[in-house]
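Before I ask anything, let me first share the structure, which is written out below as structure tokens.
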Amino acid sequence: MNPADVGQVALDAPANLSLISLFLQAHIVVKLVMLGLIVSSIWSWAIIIDKVLLFGRIRRQIDRFEKVFWSGQSLEELYRSLASRPATSMAALFVAAMREWKRSFESGAKSPIGLQMRIDKVLDVTLAREAERMESRLLFLATVGSAGPFIGLFGTVWGIMTSFQAIAASKNTSLAVVAPGIAEALLATAIGLFAAIPAVIAYNKLSSAAGKISLRLEGFADEFSAILSRQIDERS
Amino acid sequence: MRAGLVTSVAAHLSLLAWGLIGLPSSKPFDVTMVEAMPVDLVPIAEVTSLQKGKKTAEVKDKPSPNKPAEKETPKPSPAPPKPTPPATPPPPPPPKAEPTPPAPKPPEPTPAPPEPAPPEPAPPEPAKPEPAPPEPTPEPAPQQQAEAAPPQPAPKPRVKPTPPKPVQTAEAPKKPAEKTSQQQSQSTAESKFDADRIAALLDRQKPTGGETASQEPESFGAEEARNPSARMTQSEIDALRSQVQRCWNIPVGWTDPSEVTVTIRFSLNQDGTVNGVPSIQQYPASQYGTVAAESAVRAVLQCGPYQLPVEKYNLWSEVQMRFSPQG
């Protein structure tokens with residue numbers, strides 16, 4: 001689209017400023033920017049919804065597990081009931097540590113220090129896996145939040161650039177000629193902000209929630225490691 | 001993840017749909033008409049005749065003149081129908097009157113019919129004897145037949161001899177209004193008439209107002225603008241000049257007007273006092289030039305405040321005056 005064409009479009013349809021017509025009138029670069037921003041907005045909202053649901057689920061599981069764990073039920077029974085199906089979060093920690101514990105006793109390992117070290121390692125690995133599961137894709141939100149406005153601004157600058165070229169080509173500076181091009185360019189920034197603002201807010205909220213959950217998991221891991229270490233000492 | 005993605009896409013689509021349906025294309029701003037001051041370069045002579053402005057009026061080269069409205073009476077269109085009523089009423093009276101007063105008349109007419117030309121007594125009355133006044137048969141002029149009714153009134157013929165009458169009647173169709181007025185004057189002129197006749201001939205038209213609005217289109221301009229036809233009259237300009245002149249002492253000894261002619265410009269306050277210091281626009285290049293200019297400035301400063309019509313302040317708020325020994 002050369003500048004003269006843009007000018008013609010601007011002259012022909014100065015009154016039609018609905019969102020769709022603004023989008024259709026835009027330069028191809030601006031169109032791509034807008035489309036990319038819309039897609040990233042859709043994706044970031046998908047992540048937000050997914051994470052909110054996931055964190056709620058994890059919190060409920062943790063609460064339920066803690067209640068059962070501290071209810072005085074024997075660890076063996078608990079392990080037997082949990083090991084059958086794939087566990088998550090705190091239950092995963094428990095199952096991983098218990099499995100290592102049982103395996104060591106079954107193989108007849110002698111060194112209590114070695115057993116303690118292995119259990120800690122297993123707990124660490126499971127913790128890291130859980131944290132990774134929680135924080136995966138949160139970085140996308142951070143990226144959209146920080147880069148979205150810039151991408152939108154790029155579209156705006158490009159759109160204003162082409163519309164100024166169109167103005168220069170049409171040799172007419174009346175507002176009716178200038179306005180549509182600028183409105184269509186500003187739409188890009190609007191979409192950028194539309195994508196970025198929820199992403200930033202959700203990123204902050206979700207990352208703090210993830211931090212809190214991992215803290216709880218770490219606390220449990222330490223506590224459980226202490227319990228197991230006491231058991232080892234008693235047995236040896 | 002899939003649940004989140006589906007929800008997100010659905011939410012975006014519904015948002016977009018709302019944006020398309022719920023958000024109509026932007027409304028145009030309400031633009032209030034701001035009065036733009038029309039600036040025209042017109043010769044000063046035309047300014048005087050400018051009428052009250054109207055924004056919707058067409059822009060014309062010639063501003064509409066401030067015409068005094070015509071009197072209602074000569075109004076051409078309504079008049080014609082009215083004259084006829086007075087004319088028609090007369091006929092009725094004659095028949096009634098005939099028995100008593102018209103007695104003298106009948107004799108007169110009888111001789112008349114043969115000679116239309118003869119003097120006052122005879123000519124007009126021919127019809128009278130016959131009760132049917134509309135019949136103008138006796139009257140010679142063929143055109144008269146066409147407008148038979150008006151001529152019938154008895155009084156008219158008496159005043160004027162028949163000869164002129166045909167001419168009048170011929171004209172009549174063109175200027176009916178004129179004719180009625182003539183009729184009136186004729187009728188009033190004659191004192192002989194009996195009261196009945198006069199009453200019949202009285203102009204029943206209601207008195208009309210003196211002036212009507214000018215028919216000319218308004219001139220282009222602001223409606224509430226100050227009446228532009230207000231301008232300084234020559235006498236007011238002269239008044240200002242004479243007030244200044246009182247104080248102006250022509251520098252002694254310089255009789256050559258070109259040596260003393262000075263143009264200064266000064267602004268006045270609404271109370272007639274001089275605002276600020278007069279500025280010298282032009283002064284002779286001779287060695288006495290500055291002296292002459294300063295004397296003029298002194299004169300202007302000394303003689304204030306000036307007596308000038310306040311309502312025209314915007315016309316004399318800024319004055320440029322030329323001082324010259326000849327005035």
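The values are calculated or read from the model by the stated rules, or taken from the named source; none is laboratory data. Keep in mind that this is a model prediction, so the values were computed, not measured. We place every Cβ from the backbone using ideal geometry, glycine too, and count neighbours over all the protein chains shown.
Would you confirm whether or not segment A:10-18 contains a residue that is more than 11 Å from chain B (Cβ to nearest Cβ) and either modelled with pLDDT of 80 or more or surrounded by 15 or more Cβ atoms within 10 Å (Cβ to Cβ) (or both)?
Yes, the conditions are met somewhere in segment A:10-18.
So, in segment A:25-35, how many residues would count as being within 26 Å of residue A:141 (Cβ to Cβ) and within 14 Å of another protein chain (Cβ to nearest Cβ)?
Residues meeting the conditions: 2.
When the residues of segment A:165-202 are filtered to those that are polar (S, T, N, Q) and touching a residue at least 24 places away in the same chain (Cβ under 8 Å), which remaining residue is surrounded by the fewest Cβ atoms within 10 Å (Cβ to Cβ)?
Per the stated criteria, the residue is A:172.
Scan segment A:215-236 and report the pairs whose first residue is more than 23 Å from residue A:131 (Cβ to Cβ) and whose second residue is of a type in the set (A, V, I, L, M, F, W, C), with Cβ atoms within less than 7 Å and a gap of 6+ or a chain change.
Note: pairs meeting the criteria are A:232/A:115.
Hey, can you tell me all the residues within segment B:313-327 that are over 12 Å from residue B:248 (Cα atoms) and buried (at least 16 other Cβ atoms within 10 Å of the Cβ)?
Result: B:315, B:316, B:319, B:321.
Identify the residue in segment B:294-311 that is touching a Ser or Thr at 6+ places or on another chain (Cβ under 9 Å) and surrounded by 14 or more Cβ atoms within 10 Å (Cβ to Cβ) and, among all such residues, is nearest to residue B:239 (Cα to Cα).
Ranking the candidates gives B:306 first.
So which of A:143, A:162, A:126, A:189 is modelled with pLDDT under 95, part of a helix (DSSP H, G or I), within 20 Å of the chain's Cα centre (by Cα) and of a type in the set (Ser, Thr, Tyr)?
Result: A:143 is the single residue among A:143, A:162, A:126, A:189 that is modelled with pLDDT under 95, part of a helix (DSSP H, G or I), within 20 Å of the chain's Cα centre (by Cα) and of a type in the set (Ser, Thr, Tyr).
Taking residue A:92 as the residue in question, decide whether it is modelled with pLDDT under 90, farther than 30 Å from residue A:179 by Cα and either touching a Pro at 6+ places or on another chain (Cβ under 9 Å) or within 14 Å of chain B (Cβ to nearest Cβ) (or both).
Criteria met by residue A:92.
Another one. When only residues in segment B:4-19 that are facing another protein chain (nearest Cβ under 7 Å) and of a type in the set (S, T, N, Q) count, which is surrounded by the fewest Cβ atoms within 10 Å (Cβ to Cβ)?
That would be B:7.
Looking only at residues in segment A:43-82 that are β-branched (Val, Ile, Thr) and within 13 Å of chain B (Cβ to nearest Cβ), which one is surrounded by the most Cβ atoms within 10 Å (Cβ to Cβ)? Quick ask: steps written out before the conclusion?
Residues of segment A:43-82 β-branched (Val, Ile, Thr): A:47-49, A:52, A:58, A:62, A:68.
Subset that is within 13 Å of chain B (Cβ to nearest Cβ): A:47-49, A:52.
Details: A:47: 25, A:48: 23, A:49: 19, A:52: 15.
Checking each candidate, the answer is A:47.
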